[in-house]
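The values are calculated or read from the model by the stated rules, or taken from the named source; none is laboratory data. As the structure is a computational prediction, the values presented were derived from the model and not from experiment. Positions of Cβ are backbone-derived with ideal geometry, glycine not excepted, and every protein chain shown enters the neighbour counts.
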C-alpha cells in the first residue's frame with residue numbers, strides 16, 4: 001500500500017502539469033478572440049465615421065444651395081428699383097435678414113467642416129490601428145499554429161506518464177483519485193500535519209491518524225474526502 005500511496009502522490013504532481021497544459025491550450029484562442037473583436041470594432045468605427053462624413057457632406061451641400069438661393073433673393077432685391085421710401089426700408093430690412101441667414105448658414109458649414117475634419121482624422125487613426133491589429137492577428141495565428149500541436153503532444157505525454165504511474169493501482173482507487181482531484185480542483189491526496197488534514201485544516205481523530213500511519217489501506221479525510229498519507233517530515 002505504501003507503493004500505491006507514493007504512486008498516487010507522483011500521479012498528483014503529473015495531474016497538476018496536465019491541468020496547467022490544458023489551461024494553456026484553452027487560453028490560446030483567447031488573445032486571438034480579443035484581437036479579432038478589436039478588429040471588428042475598429043472596422044465598425046471606420047464605417048460609422050464614413051457614413052457620418054457622407055451625411056455631413058449632404059448637409060453642407062444643402063446649406064450651400066440655401067446660400068445660393070438667398071444670394072439670388074438679394075440680387076433680385078437689388079435689381080428692383082421701382083420702390084418708394086417705405087418699400088425701400090422694407091427692402092433694406094429684408095436684405096439684412098437675408099445676409100444674416102447667409103452668415104448663419106456659413107457658420108453652420110464651418111462647424112460641419114470641422115466635424116468632417118475630425119471624422120477624417122478618426123478614420124486615419126482607426127485605419128492605422130486596423131493595420132496593426134491585422135498584423136497582430138496574423139502573428140497570433142502563427143503562434144497558435146506552431147505551439148498548439150506542441151502543447152497537445154506534451155499533454156498526451158503527461159497523460160501517458162500518469163497512466164504508467166498508476167498502471168498497478170486498481171481502477172476503483174484511480175476513479176476515486178480522479179474524481180476527488182476534479183471536485184477539489186487542486187489536491188486529491190494530502191499529508192496529515194500534526195493532527196490536522198492539510199487539505200482542509202480540520203482536526204483528525206487519533207484513531208484515524210494511526211490508520212494513516214499504518215499505510216495498510218487508503219484512508220479518506222472525513223471532512224473533505226481527500227486521500228490521506230503519512231509523512232515523517234509533516235506528522236508529529
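Some notes on this structure:
- Failed item, numbered, when residue 224 is tested on (1) in a loop (DSSP other than H, G, I, E, B); (2) within 34 Å of the chain's Cα centre (by Cα); (3) modelled with pLDDT of 90 or more: (2)
- Residue in the stretch 56-63 that is assigned to a helix (DSSP H, G or I), surrounded by 16 or more Cβ atoms within 10 Å (Cβ to Cβ) and more than 41 Å from the chain's Cα centre (by Cα) present: yes
- First in the stretch 93-119 and under 17 Å from residue 58 (Cα atoms), second anywhere and at pLDDT below 95 and assigned to a helix (DSSP H, G or I), Cβ under 7 Å, 6 or more apart: none
- Verdict on residue 18 being assigned to a helix (DSSP H, G or I) and either over 28 Å from residue 111 (Cβ atoms) or not assigned by TED's automatic domain parsing to the domain that holds residue 129 (or both): yes
- Search result, residues across the stretch 140-181 that are surrounded by 12 or more Cβ atoms within 10 Å (Cβ to Cβ) and under 22 Å from the mean Cα position of the chain (by Cα): 140, 141, 143, 144, 147, 148
- Taken as a whole, the condition of being farther than 30 Å from residue 129 by Cα and in a helix (DSSP H, G or I) does not apply to residue 46.
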